[in-house]
Each structure stands twice: as structure tokens, then as C-alpha cells.
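Contents: one structure, followed by commentary.
The values are calculated or read from the model by the stated rules, or taken from the named source; none is laboratory data. Everything numeric in this text was worked out from a predicted model, so none of it was measured. Don't worry about glycine lacking a Cβ; one is built from the backbone with ideal geometry, like all the others, and counts go over all protein chains shown.
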Amino acid sequence: MPQATFHFPPGFLWGTATSSHQVEGGNSNNNWYAWEQEPGRILQGHHSGLACDWWGGRWRQDLDRAAEAGQNAHRMSIEWSRIQPTPDQWDEAALDYYREIVRGMYDRKLTPLVTLHHFTDPLWLMEQGGWENPETPGKFARYARKVVEALKDYVNLWVTINEPGIYTWLGYIDGVFPPGKKDTKAAFSVGQNLVKGHAGAYREIHDVQREARVGAACHYRSFVPQRTGLPFDTWITRSISANFNDSFPNAMKTGRFRFMGKQAIINEAVDTQDFFGFNYYTEEMIRFAPLAVKEFFNKREFPHDAQISENGLIANVPDGMTRTIKWANRFGKPILILENGVEDANDILRPRYLLEHLHKTWHQMNENVPIKGYFHWSLVDNFEWERGWTQRFGLWGLDPETQVRTRRPSVDLYAAICKENAISSATVEKFVPEIFAGMFPG
């Protein structure tokens with residue numbers, strides 16, 4: 001068999017990602033906790049409960065596992081409702097605890113990358129109208145400043161907002177995220193305010209910490225026309241992608257927020273990213289469907305030859321990673337892959353998915369695309385929003401009742417890549433021999 005190694009550059013960040021509500025447990029003062037109490041909102045009636053019990057201290061053991069597996073970075077998020085439990089109160093003890101966590105990363109030689117908003121909002125903020133309220137961007141910027149002042153000794157990589165497009169789309173168009181609205185006018189207002197919130201936070205962070213590197217986490221769903229010879233399929237694909245993928249990153253570059261046929265000029269958002277962060281999971285084929293009014297005149301399906309995840313939610317389409325990286329590179333910034341992974345409780349598809357997506361990433365880096373890091377979703381199984389505990393993304397499995405972690409084979413695969421800072425033919429042969437010939441031809 002041929003022997004070769006695909007090397008990544010020195011200093012490349014290898015990490016995993018988590019978010020506060022999904023791993024901490026005991027978050028009872030935010031909109032997602034309230035959402036979980038409403039019947040029918042979460043699949044199978046699941047609750048986050050203790051989640052992964054990070055607020056109870058299990059972050060220490062989980063981060064030990066990450067460090068022992070050769071990771072050199074970790075992406076986490078801060079729970080706004082802990083830092084500011086009421087409009088006129090800052091919880092210094094919560095800030096101290098987050099400082100302990102990021103110091104714990106520092107001590108384990110894990111570079112912290114901290115997200116300030118990952119889908120959850122304080123209950124008091126929602127009572128004031130949430131992100132529909134034009135005053136919310138200013139409130140978010142003040143919260144961001146408070147966090148950065150507390151954590152700046154250990155953190156200089158910041159994500160302002162995770163997936164503003166998903167937050168807007170699922171909360172205000174599809175209605176499966178809180179507040180459960182289906183209102184395009186409200187969605188447009190929320191979108192504008194998220195862009196303004198990002199821009200305000202960007203400036204506050206740099207005012208406190210000049211050397212900070214700040215970006216957002218933009219979700220990218222790769223869409224391709226199902227029938228390339230039909231102009232209407234091409235047209236609807238471009239339209240869906242423009243609204244779903246492009247609205248927020250374009251606004252953060254140019255100050256023009258275009259969404260659902262409307263436009264707003266937000267000059268303060270111009271060039272407010274020091275790096276370009278994206279989350280990529282899968283690709284879909286789009287066809288024009290003139291009668292599908294509620295679906296915005298399109299029907300979607302996965303590529304017919306793709307392997308599908310256990311619950312049918314993700315297709316393994318490595319070429320979609322290539323398309324995503326090329327899209328991200330248009331914004332002219334260093335790139336961080338902030339989330340990428342697959343739900344797979346039995347760890348059957350994950351090894352192949354992981355290797356094939358990293359192989360495509362390596363190819364793009366060899367085309368001089370400035371990719372600086374990769375964060376796998378996720379370190380350990382966690383509460384997956386409206387799908388509860390039915391999706392298992394972790395390298396480590398979790399029983400949420402007992403808090404017992406189970407080491408999946410992909411832990412060792414990812415560890416081999418992280419420790420070597422490379423994908424070697426020996427690693428591929430050991431973990432996913434069926435793709436060896438495709439990755440190492442000849």
C-alpha cells in the first residue's frame with residue numbers, strides 16, 4: 001500500500017466545540033428552559049436537565065479528555081442569563097466560575113475560543129421583546145464588554161453570535177425554536193438587530209482588548225440545483241442560499257443586510273470580522289416546486305448516493321465542505337471551521353465523515369486558502385435543542401441519567417490526527433480502510 005501523510009501547518013488549532021445550555025445543566029433562567037417546559041416543543045419530551053453537568057464541575061474531566069487526546073483548543077460559550085440574571089444585576093460569582101473554566105483550558109494547553117451568544121437569551125430579555133426590541137443590540141454589547149473584561153487574561157479569540165441565520169430562521173420563520181413565530185416581518189427585524197448586536201460587541205471587545213480576534217459563527221448549508229439543466233432549479237437554489245447562507249456574513253462585510261426581499265443599511269457592521277467562522281454539516285439538492293408555497297417554492301433532498309446519518313438528518317457530502325470553504329474564502333479573512341460533525345450513536349459513519357471532511361479541508365489549504373483551525377462538534381453528547389437527546393454528536397458518548405461517559409472509537413481517530421497534526425496513511429488504514437484507496441491512490 002502507498003504511504004503518505006497530509007500535513008497541516010504548525011499552530012493549526014485542533015479542537016472540539018460545546019455550548020453553555022447544551023452542556024452546563026441547571027440553566028433555568030433562559031428562553032430555552034422555558035421552551036422545554038411547553039408540551040410538544042422538544043422531541044420525545046426531553047429536557048436538558050443536568051445536561052453534561054459542566055456547571056457541577058464535570059468540565060474538568062471532559063477537558064482532561066480533550067487534552068489527553070491531543071487537542072490544543074476548545075470552543076465554549078457563555079450563558080448570558082448567568083452573567084446578567086436580571087436587567088440591573090451582574091453575577092460576579094458566575095463570571096468567576098467561567099474564569100475558572102477558561103483558566104482550566106489554559107492550564108491544559110487548550111486555546112479557549114469563547115462564544116458570547118449561542119441561541120439562548122435571558123428570560124428578562126425575552127419579556128422585553130428579545131431581539132425584536134431595537135434596544136437589545138446595545139444590551140448585548142454591554143454584556144459582551146462585561147465578559148471580555150472578566151476573561152481577557154485567558155481569552156483573545158471571540159465569537160459574538162453563533163448562527164444568527166439559524167436563530168432567525170428557526171425562531172421566526174419555521175417556529176421550531178423559541179419564540180416559535182412564523183412572521184417574516186419579525187424575522188427581518190430580528191436579523192437586523194443581530195447584525196447590530198454583533199457590530200456593537202465587536203467594537204466593545206476591541207475597546208477592552210486591542211489584540212482580540214473577533215468573528216461570528218455562520219452556518220452554511222450547501223445547496224445545489226437538483227436538475228442542473230433547468231433554470232428554475234438554479235434560480236430557486238440561489239434564492240434559498242442567498243437568504244439562508246449569505247444575509248448575515250454579507251452584512252458583516254458590506255453593511256447591507258438583505259433578507260426575504262428586504263434590505264437594510266447597517267453601516268456600523270462594515271468589516272466587523274477579524275476571522276471568518278463557519279459551521280458546516282451537510283448538503284442538499286434543491287428543485288423548484290411552484291405549488292410549495294409554505295416551503296418557499298422549493299423541495300429538498302439529500303444526494304442519492306450519500307450516506308445518511310442514523311436519524312436521517314445529515315448526509316455525508318465531503319464535496320460540500322469544499323464548496324463551503326470556497327464560499328467562506330470570498331470574504332477575504334482567515335478561516336476557522338467552528339463546527340463540523342455527524343450524529344452517530346454507534347460511531348459507524350463518524351470516522352469516515354471526519355476523515356473525508358478533513359481531507360477536503362487539507363486540499364483547500366493546499367490551494368492557499370487560509371484555514372487556521374478545525375473544531376469538531378462535539379466533545380461529548382449534549383442536549384441538541386428541539387431534538388433533545390435523540391442526536392448523538394459526541395466523540396464521547398453520554399448517559400444523561402448517570403453522567404457516565406463512553407469512549408467511542410472516533411476519540412482515538414481524532415487523537416491520532418491532532419497529535420500528528422496530520423492525516424497519515426497509517427491512520428486511515430487503521431480506522432477507515434474502506435476509503436484508503438480513494439485518499440491514497442496508486
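For region 117-133, residues that are touching a residue at least 60 places away in the same chain (Cβ under 8 Å) and assigned to a loop (DSSP other than H, G, I, E, B) total 5. Taking the criterion of being among the basic types (Lys, Arg), closer than 23 Å to VAL148 by Cα and touching a Phe, Trp or Tyr at 6+ places or on another chain (Cβ under 7 Å), the only residue of region 158-215 that qualifies is ARG213. May I ask you to verify whether ASP62 is in a helix (DSSP H, G or I), of a type in the set (D, E, K, R) and surrounded by fewer than 18 Cβ atoms within 10 Å (Cβ to Cβ)? So ASP62 fails the test.
Quick grid of which residues meet (1) within 15 Å of SER20 (Cβ to Cβ); (2) at pLDDT below 95; (3) in a loop (DSSP other than H, G, I, E, B):
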site: ARG99; (1), (2), (3): yes, no, no
site: VAL102; (1), (2), (3): yes, no, no
site: MET105; (1), (2), (3): yes, no, no
site: PRO112; (1), (2), (3): yes, no, no
site: GLU149; (1), (2), (3): no, no, no
site: VAL155; (1), (2), (3): yes, no, yes
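Quick check on region 219-241: of everything there that is among the small types (Gly, Ala, Ser) and either crowded, with 20+ Cβ neighbours inside 10 Å or out of contact with any Phe, Trp or Tyr (no Cβ under 6 Å at 6 or more places or on another chain) (or both), which residue is modelled with the lowest pLDDT? Here the residue is GLY229. From the list ARG203, ARG238, exactly one residue is farther than 16 Å from LEU157 by Cβ, of a type outside the set (S, T, N, Q), assigned to a helix (DSSP H, G or I) and without any contact (Cβ under 8 Å) to a residue 12 or more places away in the chain. Which is it? The conditions single out ARG238.
Among the residues of region 260-313 satisfying the criterion of being aromatic (Phe, Trp, Tyr), part of a loop (DSSP other than H, G, I, E, B) and in contact with a strand residue (DSSP E or B) (Cβ under 7 Å, 6 or more places away or on another chain), which is nearest to GLU211 (Cα to Cα)? Across region 260-313, the extreme among qualifying residues is PHE275.
The condition (being touching a helix residue (DSSP H, G or I) at 6+ places or on another chain (Cβ under 7 Å), at pLDDT 95 or above, crowded, with 24+ Cβ neighbours inside 10 Å and part of a helix (DSSP H, G or I)) is satisfied by just one residue among ALA186, ALA216, ALA251: ALA251. Identify all residues within region 74-97 that are among the aliphatic types (A, V, I, L, M) and either touching an Asp or Glu at 6+ places or on another chain (Cβ under 6 Å) or part of a helix (DSSP H, G or I) (or both); write none if there are none. Correct list: ILE83, ALA93, ALA94, LEU95.
When region 366-397 is filtered for residues that are within 21 Å of GLY40 (Cα to Cα), among the aromatic types (Phe, Trp, Tyr) and not in a loop (DSSP other than H, G, I, E, B), only TRP385 remains.
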